[in-house]
1. Suppose R0 equals 22 Å; then what is the FRET efficiency for PHE12 and ARG39 from their Cβ-Cβ distance, rounded to the nearest 0.05?
2. Can you list the HN-Hα couplings for the stretch 37-47, worked out from phi with the Karplus curve (6.51, -1.76, 1.60; θ = phi - 60°), rounded to whole Hz and with x for Gly and Pro?
3. So how far apart, in nm, are the two label points at ILE27 and ILE48 if each is 7 Å from Cα heading toward Cβ?
Amino acid sequence: MNHAMHHTLLGFCWWDLPALIILIGIIVFLIVRHSKLKRYERELQDAIDEKAADGNLIDE
């Protein structure tokens, strides 16, 4: 038991810190990507609405 407590701090392994940093990086990446995709979706929808207002949209 003493050996296990010597290599951990409050029940955490030293590998938990790099894993936490990587997890935070992935979460930030996904949030940024989601916001960019939402912005791109709004731009495309605005372009479709503009074409529809001009009458250039082909109805099938």
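Quick note: the coordinates plus some simple rules give every number you see, no bench work behind them. None of the values given here were measured: they were computed from a predicted structure. So basically every Cβ, Gly included, is an ideal-geometry build from the backbone, and we count neighbours across all protein chains shown.
1. 0.05
2. 3J(HN,Hα) across the stretch 37-47, in whole Hz: 5, 5, 4, 5, 5, 5, 5, 5, 5, 5, 5.
3. Those two pseudo-labels are separated by 3.3 nm.
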